[in-house]
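The values are calculated or read from the model by the stated rules, or taken from the named source; none is laboratory data. Fair warning: this is a prediction, and the values are worked out from it, not measured in the lab. Neighbour counts run over all protein chains shown; Cβ positions are idealised from the backbone, glycine included. Only protein heavy atoms, including side chains, enter the accessible area calculation; ligands, DNA and RNA are left aside. Shrake-Rupley method; radii C 1.70, N 1.55, O 1.52, S 1.80 Å.
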Amino acid sequence: MSKSDHKTALITGASRGIGRATAEAFASAGFALILTCHSSMKELETLAAHLHSQYGVPCLTVQADVGDASDVTRLFHDIDELDVLINNAGIAHIGLLTDMSPEQWRRVMAVNLDACFYTCRAAIPLMLKKHSGRIINVSSVWGAQGASMEVAYSASKGGVNAFTKALAKELAPSNIQVNAIACGVIDTAMNSLLSQSDLEELRSEIPADRLGAPEEAAQLILQIAQAPGYMTGQIITLDGGWY
């Protein structure tokens, strides 16, 4: 995407859930968008057409596996400038650690953690040219608390938290802010993997007495993108008072 009059945001995993809601929030704020997904291109292209029609902003869609270094290199090949990078793509795996294959472990780490490295490595030079930028990573409360039966997911999100804090220190002198949101139970397709009884049990533990909405996560991400520049290196929890 070439230079435009709009600030530009790249959102990974944008075809559904938090990513889709975030695309809508940023479009409504006037951002040009670069939207990626791994396999749901029909849904992504429909979303992009809606956002362009509704808000008049440019929307580029790219099919990319952000857990693959070569795909991320291809994604960034035609991006000339970038103001905001939102690392939202993620996958879950529920099961005993002893039943998990090395391939399953590696895939969770690739999508949830390696992707942050690949996209940030490509985005930072674009932001350095402008001496400004925002990187926002979507993490989870399990990255700090850990979850039984979700060891790989918890480990990957713990890595995202440490990655966020360390990169924020590295980039602060360059006026590039790096923050993350740590979500609790958000009403998305990923959490539909849980049984209804499991979801009810989780809801009963949440002081807000409900699951979070993807739009709430999206609004927080937009607020972080527009926050004072002195805010960096933060893991901001959005969980209805759960933790």
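Kindly express, to the nearest 10 degrees and within the range 0 to 90, the angle between helix 151-171's C-alpha long axis and the longest C-alpha principal axis of the chain. In the chain, helix 151-171 runs at an angle near 30 degrees to the longest axis. Helix 214-225 and the long axis of the chain differ in direction by around 50°, with both axes built from C-alpha atoms. Normalised by 2.2 N^0.38 Å, with N the number of residues, the alpha-carbon radius of gyration of the chain equals 0.96.
Against the chain, whose longest principal axis is taken from its Cα atoms, helix 196-205 shows a tilt of about 80°. The residues of segment 1-156 expose on average 44 square angstrom of accessible surface per residue, using a 1.4 Å probe on protein heavy atoms. If I take R0 = 22 Å and measure r between the Cβ atoms of ASP78 and HIS131 in this structure, what FRET efficiency does the formula 1/(1 + (r/R0)^6) give, to the nearest 0.05? So the FRET efficiency works out to roughly 0.45. Under a Gaussian network description of the chain, with springs only between Cα atoms under 10 Å, the residue in MET100, MET127, MET41 that fluctuates furthest is MET100. You can think of it this way: the chain between GLU201 and TYR243 has 13.6 nm of extra reach, that is 0.36 nm per residue less the Cα-Cα gap.
Within segment 1-84, all pairs of alpha-carbon atoms sorted by distance into 10 Å bins from zero give the percentages 20, 55, 24, 1.
Placing +1 on the Cβ of every Lys and Arg and -1 on the Cβ of every Asp and Glu, with nothing else charged, gives the chain a dipole about its Cα centre of roughly 740 debye.
Distance between the modelled labels on LYS169 and LYS42, one decimal in nanometres: 4.8 nm (7 Å Cα→Cβ projection).
At an R0 of 35 angstrom, the distance between the Cβ atoms of SER101 and ARG210 translates into a FRET efficiency of 0.50.
Mean residue ellipticity, 222 nm, helices only, the chain: the sum of -39500 (n - 2.57) across DSSP H runs of n ≥ 4, divided by residue count and rounded to 500, is -13500 deg cm²/dmol.
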